[in-house]
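To start, the structure itself, in structure tokens.
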Amino acid sequence: MIATPALLAAVEAVAEQAAALVLEVYATNFAVQGKADASPVTLADERAEACIVAALKRLTPGVPVVAEEAVSRGEVPDAGRCFWLVDPLDGTREFVSRNGEFTVNIALIEDGRPVLGVVQVPVQGRRYAGLVGQGAWLADAAGRRAIRSRAWPPQGELVVASSRSHGDAAAMAAWLAAAGLDGRPLRHMATGSSLKFGLVASGDADLYPRLGRTMEWDTAAGHAVLRAAGGEVFTLAGAPLGYGKPGFENPHFVARGAAA
């Protein structure tokens, strides 16, 4: 196992460097291009990814790096038992719309499970970080503090995190009803990118059901932080969400706090 507090600290520094590059582009009249899957990409995605990949290769020589933009170009390494997952700009649609709800995601996978993760929120100057077995933290203008997910099932109001750009209200309502959660007070928190995992990890939300398409680099960093904060991500069949799947595509899932 190579996931250590020292490695987490180093990755946090890398995420900050990448966030600075993202903000440089964010301050300009940047161009938006389309990829083969019709998703948008900008110079910020490309610059941040180059920074992160180079840094991870220096930190952990020989550990493969699976990065979103490289994969879109057909550069897919053999992941193996231990590899990095990188989304240099999660929430490119939020970036393009300039609402600030985008993140830099870096995660380490060991034996199919996320064990270390950093979710950097460039505009907000906020960072979620976690190391499974050691804890999870939130760093912002108020300083750095430990975070913990809420116990599940919660008492009283149920706070549900949902996607701002990819939400399906009808599908969400149907899922909540099928799960027996529609007969209680509900409050929805819509936000972009992997910020939704941060809301659950910090106890600001109880639940994040994702009923749409995601890729492993979208979820791994937030998943690692949530695991470190005591929570977990499950497929709709109830199995823990795993990584290193063919094509790196996730099934639908639900992220929630720790079982009481």
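The values are calculated or read from the model by the stated rules, or taken from the named source; none is laboratory data. Because the structure is a prediction, the values reported are computed rather than measured. Because the Cβ atoms are built from the backbone with ideal geometry, glycine has one as well, and the counts that use them run over all protein chains shown.
Taken over the stretch 68-94, the criterion of being of a type in the set (Gly, Ala, Ser), within 15 Å of Val41 (Cβ to Cβ) and out of contact with any Phe, Trp or Tyr (no Cβ under 7 Å at 6 or more places or on another chain) is satisfied by Ala70, Ser72, Gly74.
For the stretch 11-20, the set of residues classified as over 17 Å from Lys57 (Cβ atoms) and in contact with a Lys or Arg (Cβ under 8 Å, 6 or more places away or on another chain) consists of Glu12, Glu16, listed by residue number. Here the stretch 118-134 is the region considered, the condition is being in a strand (DSSP E or B) and touching a helix residue (DSSP H, G or I) at 6+ places or on another chain (Cβ under 6 Å), and the residue that is nearest to Met1 (Cα to Cα) is Leu131. Answer yes or no: is there a residue in the stretch 204-211 that is at pLDDT 90 or above, of a type in the set (A, V, I, L, M, F, W, C) and farther than 24 Å from Glu249 by Cβ. Yes, there is a match, as at least one residue in the stretch 204-211 is at pLDDT 90 or above, of a type in the set (A, V, I, L, M, F, W, C) and farther than 24 Å from Glu249 by Cβ.
Glu249 passes every criterion in (1) surrounded by 14 or more Cβ atoms within 10 Å (Cβ to Cβ); (2) modelled with pLDDT of 95 or more apart from (1).
In this structure, is Val160 closer than 21 Å to Leu241 by Cβ, among the β-branched types (Val, Ile, Thr) and assigned by TED's automatic domain parsing to the domain that holds Asn250?
Numbers: closer than 21 Å to Leu241 by Cβ: yes; among the β-branched types (Val, Ile, Thr): yes; assigned by TED's automatic domain parsing to the domain that holds Asn250: yes.
Yes.
Per the listing Arg187, Arg148, the residue uniquely more than 26 Å from Thr92 (Cβ to Cβ) and modelled with pLDDT of 95 or more is Arg148.
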